[in-house]
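Below is one structure, written out as structure tokens; the observations come after it.
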Amino acid sequence: MASPKQQRIAPNRGSVNRSGVRKSPAGKPPSAPKVRNATAGDWVAGARLRTLPLSIAPVALGTAAAHTALAPWAWWRIALALAVSVCLQIGVNYANDYSDGVRGTDKFRLGPSRLTGSGAAKPRTVLTVALVFFGFAAIAGAILVVHIGQYWLFGVGAVCIVAAYFYTGGKRPYGYYGLGELFVFVFFGLVATLGTTFVQLGHVNLESWLSGVAIGLIACAVLMVNNIRDLPQDRLAGKRTLAVLIGNLPARIVYVVMILLPFVILIYFVLLYPNATYTYFALFLALPAALIGLTGKTPQELVLALQLTSFAALVYAIGLGWALAF
């Protein structure tokens, strides 16, 4: 126990209570650091706008593929299909933020902080926002389905929403078992492209299938390079992405294949639609992205590769879509 003299020498140190917790000079325990509340900018960042080209691109390609069979320009159907795709993309982004945050995965991340993981927003609020966007997607899809009278598409929409949530949600999220790329390829490649073609044309054609495969591969490349950036942290958190399962170098090679193979598929379109040659301008984005993805060492470099890949998807879709439609 300190003597009265010692207490006079260091009066601001505070005292220790019976539980061993040091008190402040006023007799209160020191307060925890205050967490900054999420701003509007944080919520916009949580939507991960750089991923939105991945939801716009398949709708553009699906529409163009429908137009090759002389489908009329049904603008409101195109708008509803776009609303479904974009709202699903934003919804899954917020759902991932929520699920990774409550599971504790994001405490290892080095990239931009997340709403849930940083404590800037309550988990329930983030989940609610995710469900709202899933609801918007469901409403737009329901209007479209009822109008065209193809009610079996309700099942497709339900599967899309369930798959979007359980990507990182639930007790056994399949995104934690190396299946994330498969989800992206199926839903943001094939389903989004083929679905857009079907609601305008009444069936799907080869152009739609090949376009869906191509854009699905680029979407997978975006996810792969993102997971390469987070590979050490995901390994610590027990998140077994495909990049974690196959290792750093194989993941980088797979990424390069994913981003460049669509330009091989493009050869088919060039033979039938000469203007599709202009789509190769997307290589000005894809080739630097592939080089950075293969050799980049810092998270900042891999974020740049991710951004280039995402914009390459949009340029690819616009170029090929224009060639098919006009």
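What the table below lists for this structure:
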{"quantity": "Whole-Hz ³J(HN,Hα) from phi, Karplus 6.51 cos²θ - 1.76 cosθ + 1.60, for the range 76-82, glycine and proline x", "calculated": "6, 5, 4, 5, 5, 4, 5"}
{"quantity": "Order by protection proxy (mean Cβ within 10 Å, highest first), peptides 61-67, 240-246, 319-325", "calculated": "61-67, 319-325, 240-246"}
{"quantity": "With Cα atoms, 0 to 90° folded angle of helix 192-201 axis to the chain main axis", "calculated": "40 degrees"}
{"quantity": "Residue-averaged 222 nm ellipticity for the chain, from DSSP H runs of 4+ at -39500 (n - 2.57), nearest 500", "calculated": "-21500 deg cm²/dmol"}
{"quantity": "D_trans [Stokes-Einstein, Kirkwood Rh over alpha-carbon pairs] for the chain, 4 °C, 1.567 mPa s, µm² s⁻¹", "calculated": "60 µm²/s"}
{"quantity": "Mean Cα-pair separation over length for the chain, i.e. relative contact order, pairs under 8 Å, 6 or more apart, %", "calculated": "21 percent"}
{"quantity": "Calculated P(r) of the range 183-326 - Cα pairs past 21 Å, %", "calculated": "44 percent"}
{"quantity": "Pair-distance profile P(r), taking every C-alpha pair of the range 77-190, with 10 angstrom steps and integer %", "calculated": "14, 42, 31, 11, 2"}
{"quantity": "Under 18 Å from the Cα of Lys171 - aspartates and glutamates, other chains or at least 8 residues apart", "calculated": "Asp97, Asp100, Asp106, Asp234"}
{"quantity": "Percent of Cα-Cα distances greater than 14 Å, calculated over the range 40-94", "calculated": "58 percent"}
{"quantity": "Solvent-free Debye scattering, log10 I(q)/I(0), computed from the Cα coordinates of the range 172-238 at q = 0.13 Å⁻¹", "calculated": "-0.44"}
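Each reported figure results from applying straightforward, stated rules to the coordinates on display, with no laboratory input. None of the values given here were measured: they were computed from a predicted structure. Cβ atoms come from the backbone with ideal geometry, glycine included; neighbour counts cover every protein chain shown.
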